[in-house]
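Data block below; observations after.
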Amino acid sequence: MTRALVLGGGGPVGIAWESGLIAGLAQGGVDLGQADFILGTSAGSFVGVRLAMGESAATLANAVFADAERAVRNVHRSGRRPPDLTNLMRLMARAQEAGRDPAEARAELGAYALAADTMTEEAFIETFGRSFASLPEGTWPERGFACTAVDAETGAFQVWTKESGVGVTRAVAASCSMPGVHPPVTLQGKRWFDGGGRSSTNADLAAGHEVVVIVAVRLSDWTPGGALARLFARLDEEVAILTDGGARVATLLPDDASRAAMGGNLMDFQNRAAAARAGLTQGLAAAAELKGCWG
């Protein structure tokens, strides 16, 4: 039986929740880190590469808890409010509109990313790369791992794998480069941004595996018929592709307590510890049911 783990986007708060959820599941007897293939998009690429590099699933949230006080102090010291993601969500929803050329829609997101006033690419890599500082250049997990990105100029979608010939530090940074918040990342002479420009999960890329577990972030302010509904409709389509191909699929979304802990802005670092705790509790509660699917 081949098993795939799909980890969707969700900013730093999503990283915290996914880490807590996976840790809780592992402590409950379901180790998603044993997947044959891990696919990460944006925040999910950061969580996924840690698992692919051999970090224990059961302790995945420990780094979030250890860093919680420092993160809150930094927010208070700087006085900066979390970035407003309204315009980004609008553009991402527009990219899913029926009848639009997908690459053209993603190029619109890319133009927004390239024009934004953000920190420099070097500063982003330096800040982001703390988690991978000890890795030699060009490192890629030996186990099956892939992450996604989008060409900021053409809107072309890219799946980075070991065969791509790039290092995991920049590949994951590119996947996590949120338009309007972070600078696009240079790889192979091109600028790349968040793989969520195609889909927040890209779960259809796990086709061919017999069991697929999808971890996806759904915001607390989601309402049927709204702009975000178009983004989540894409996940439903991806699940249908997988099940039509014969896969058993389990989708894990934040429960009510997790959504409340995560708040309405996935870039609010002050919510990371609460999101991780809620994810841990949710994972422990969900483990028994998921065990029959994951094995």
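The values are calculated or read from the model by the stated rules, or taken from the named source; none is laboratory data. Quantities reported herein were computed from a predicted structural model and do not represent experimental measurements. Here the Cβ positions follow ideal geometry from the backbone for every residue, glycine too, while neighbour counts run over all protein chains shown. We work out accessible area using only protein heavy atoms, side chains counted, and drop any ligands, DNA or RNA first. Shrake-Rupley method; radii C 1.70, N 1.55, O 1.52, S 1.80 Å.
May I ask what percent, to the nearest 5, of DSSP beta bridges between residues of region 138-288 are antiparallel? Walk me through the intermediate numbers first.
Details: 10 of 15 bridges.
Beta bridges within region 138-288, antiparallel portion: roughly 65 percent.
Remark: region 98-112, residue by residue, has Karplus-estimated 3J(HN,Hα) of 5, x, 7, 5, x, 5, 5, 5, 5, 5, 5, 4, x, 4, 4 Hz, where x stands for each Gly or Pro and the curve is 6.51 cos²θ - 1.76 cosθ + 1.60 at θ = phi - 60°. In this structure, the amide hydrogen of Thr251, modeled 1.01 Å from its nitrogen in the peptide plane, lies closer than 5 angstrom to those of Ile214, counting only residues at least 5 positions away or on a different chain. In terms of packing, defined here as the mean over residues of other Cβ atoms within 10 angstrom, the peptides 256-266, 85-95 line up highest first as 256-266, 85-95.
Compute the Rg/Rh shape ratio of the chain: radius of gyration over Kirkwood radius, all on alpha-carbon atoms. Write out the running numbers ahead of the final one.
Details: Rg = 17.5 Å, Rh = 18.8 Å.
Looking at the chain, the ratio lands at 0.93.
Expressed as a rounded percentage, what relative contact order does the chain have, with Cα pairs under 8 Å and six or more residues apart? Write out the running numbers ahead of the final one.
Details: 646 pairs, mean separation 95.1, N = 295.
Once divided by the residue count of the chain, the mean separation gives 32 percent.
Rounded to the nearest 20 Debye, what is the dipole magnitude of region 1-121 about its Cα centre when Lys and Arg each give +1 and Asp and Glu each give -1 at the C-beta?
Working: 11 positive and 13 negative charges, 72 e Å.
With Lys and Arg at +1 and Asp and Glu at -1, about 340 debye.
Given a 1.4 angstrom probe, I'd like the percentage of the accessible area of the chain that is carbon and sulfur, rounded to a whole number. Carbon and sulfur atoms account for 51 percent of the accessible area of the chain.
If you take the Cα centroid of region 5-20 and the Cα centroid of region 235-293, the two points sit 9 Å apart.
Stretch Gln34-Ala63 to full length: gain in nm at 0.36 nm per residue minus the Cα-Cα span? Mind showing how you got there, number by number?
On the way: separation 29, 0.36 × 29 = 10.44 nm, distance 2.01 nm.
Working it through step by step, the gained length comes to 8.4 nm.
At full extension, Ala93 and Glu55 could sit 10.3 nm farther apart than now, given 0.36 nm per residue minus the alpha carbon distance.
Extension gain for the segment Ser134 to Glu153, taken as residue separation times 0.36 nm less the Cα-Cα distance, is 3.7 nm to one decimal.
Helical content alone sets the calculated 222 nm signal of the chain at -14000 deg cm²/dmol, taking -39,500 (n - 2.57) per DSSP H segment of four or more residues and averaging over every residue. Could you check what % of the DSSP bridge pairs in the chain are antiparallel, to the nearest 5? Restricted to the chain, the bridges split so that about 35 percent are antiparallel.
Packing, taken as the mean count of other beta carbons within 10 Å per residue, orders the peptides 23-31, 177-185 from highest to lowest as 177-185, 23-31. The label point for Glu142 and the one for Cys293, both projected 7 Å from the Cα toward the Cβ, are 3.0 nm apart.
Taking the highest mean first, how do the peptides 144-154, 55-65 order by number of other beta carbon atoms within 10 angstrom per residue?
Numbers: 144-154: 24.2, 55-65: 18.7.
Peptide ranking by packing, descending: 144-154, 55-65.
Looking at the chain, the accessible area is 42 square angstrom per residue; that uses a 1.4 Å probe and ignores ligands, DNA and RNA. Paramagnetic label reach from Asp255 (point 7 Å along Cα→Cβ; backbone nitrogen cut-off under 14 Å): within region 3-30, residues 21-22, 24-25, 28.
If you take all other residues with their beta carbon under 15 Å from the beta carbon of Asp204, and give Lys and Arg +1 and Asp and Glu -1, the sum is -2. Near Trp192, the amide H atoms lying under 5 Å from its own belong to Ala152, Val185, Thr186, Leu187; only residues 5 or more places off or on other chains count, and H is placed 1.01 Å from N.
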